[in-house]
1. Spot the failing condition for Ile241; the list is (1) assigned to a strand (DSSP E or B); (2) open to solvent by 10 Å² or more (accessible area, probe 1.4 Å), and only one is missed.
2. Limited to the stretch 125-144, what total is found for residues that are outside any loop (DSSP other than H, G, I, E, B) and either of a type in the set (A, V, I, L, M, F, W, C) or touching a Ser or Thr at 6+ places or on another chain (Cβ under 9 Å) (or both)?
3. Against the condition under 26 Å from Asp42 (Cα atoms), open to solvent by less than 20 Å² (accessible area, probe 1.4 Å) and modelled with pLDDT of 95 or more, how does Val152 come out, does it pass?
4. Here are some residues: Val199, Val220. Which one is closer than 19 Å to Asp165 by Cβ and open to solvent by less than 20 Å² (accessible area, probe 1.4 Å)?
5. Output the number of residues of the stretch 158-181 satisfying the condition of being closer than 16 Å to Gly116 by Cα and in contact with a strand residue (DSSP E or B) (Cβ under 6 Å, 6 or more places away or on another chain).
6. Mind checking which pairs have a first residue in the stretch 145-166 that is outside any loop (DSSP other than H, G, I, E, B) and a second that is crowded, with 18+ Cβ neighbours inside 10 Å and of a type outside the set (A, V, I, L, M), Cβ under 7 Å, 6 or more apart or different chains?
7. Please indicate, with yes or no, whether at least one residue in the stretch 45-62 is in contact (Cβ under 8 Å) with a residue 60 or more places away in the chain and in contact with a strand residue (DSSP E or B) (Cβ under 6 Å, 6 or more places away or on another chain).
8. Return the total of residues in the stretch 131-149 being at positive phi and open to solvent by 10 Å² or more (accessible area, probe 1.4 Å).
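The values are calculated or read from the model by the stated rules, or taken from the named source; none is laboratory data. Bear in mind that the values here come from a model prediction, so they are computed numbers and not experimental data. Cβ sites come from the backbone with ideal geometry, for glycine too, and all protein chains shown count toward neighbours. When the accessible area is computed, the model is the full protein with side chains, heavy atoms only, and any ligands, DNA or RNA have been set aside. Shrake-Rupley method; radii C 1.70, N 1.55, O 1.52, S 1.80 Å.
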Amino acid sequence: MMELAQRIEELWGADELDPEPIEEAIAGLDRGELRVAERAGDEWRVNEWVKKAILLYFRLRKVEPMEVGGLHFLDKIPVKSDYADRGVRVVPPGIARYGSFLSEGVVLMPGFVNIGAWVGPRTMVDTWATVGSCAQIGADVHLSGGVGIGGVLEPPQARPVIVEDGAFLGSRAIVVEGVVVGEGAVVAPNVVLSASIPVIDVTGPEPVEHRGYIPPRSVVLPGTRPKEFPAGRYDLPCALIVGTRSASTDLKTSLNDVLREFEIAT
């Protein structure tokens, strides 16, 4: 891998592209042997050279007609086709681009997974949910209908969106700009999370503010916070941590309790 990384780095500033190392890197992503970001202790480490390989792949590929299951497309990147070998269930017209990886037990409803994304075992990508380029989705995650996980390709050193194991995201929740959703967190429908939107823990006597990060097992609801402008006072969006999900090993029981207690829809 060190040799492959070096070859990609050399191509990054080159005018002429050698297809071999680029194709090798994307094939590694597609098989799950390479990842754009990996856990390193308590932090996530971005493999910049892998993101560079994806950007070089876009330069290498040509837009051309494609036919998949009777559907016609005009694109640069083919779709994945090894679902049966991987033990992945895909419901038409769910699409995962080549260069993404879906682990065993993943269910992809009619949604979309982009190149560079990694989706962990037994995760549900529900109807019209989108997993953007390079996003890292853990095991036993539920992305409810219409969830939008943003893609982060440039700059190469930028952290992608990360949703850790066991998290639950309600319908139409949006996570962009490299936000990390901690393990076991529960995000209610319509919550919007970005690098600049404050996440405020209101469970104690004083508010505690986070940005770009949802602590593990937090229960998060949509909220607003007033701000004064020359034209008057207006409410800006924020996210509110209103509770904590049980650390029980029974993830389903813990999740069901949270959904009932806080009246969170799916």
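1. (2)
2. Quick first cut of the stretch 125-144, residues outside any loop (DSSP other than H, G, I, E, B) only: 125, 130-131, 136-137, 142-143.
Next, only the ones that are either of a type in the set (A, V, I, L, M, F, W, C) or touching a Ser or Thr at 6+ places or on another chain (Cβ under 9 Å) (or both) stay: 125, 131, 137, 142-143.
The total comes to 5.
3. Values: under 26 Å from Asp42 (Cα atoms): yes; open to solvent by less than 20 Å² (accessible area, probe 1.4 Å): yes; modelled with pLDDT of 95 or more: no.
For Val152, the condition - under 26 Å from Asp42 (Cα atoms), open to solvent by less than 20 Å² (accessible area, probe 1.4 Å) and modelled with pLDDT of 95 or more - is not met.
4. Values: Val199 fails: closer than 19 Å to Asp165 by Cβ.
The conditions single out Val220.
5. Quick first cut of the stretch 158-181, residues closer than 16 Å to Gly116 by Cα only: 158-163, 176-178.
Pick out the ones that are also in contact with a strand residue (DSSP E or B) (Cβ under 6 Å, 6 or more places away or on another chain) and you get 159-163.
Total meeting the criteria: 5.
6. Filtered contacts from the stretch 145-166: Gly148/Thr130; Ile149/Thr130; Ile149/Gly132; Ile162/Gln136; Val163/Gly138.
7. Yes, the stretch 45-62 contains at least one residue that is in contact (Cβ under 8 Å) with a residue 60 or more places away in the chain and in contact with a strand residue (DSSP E or B) (Cβ under 6 Å, 6 or more places away or on another chain).
8. Taking the stretch 131-149 and keeping what is at positive phi, we get 134, 140, 146.
Right, trim to open to solvent by 10 Å² or more (accessible area, probe 1.4 Å) and you get 140, 146.
The total comes to 2.
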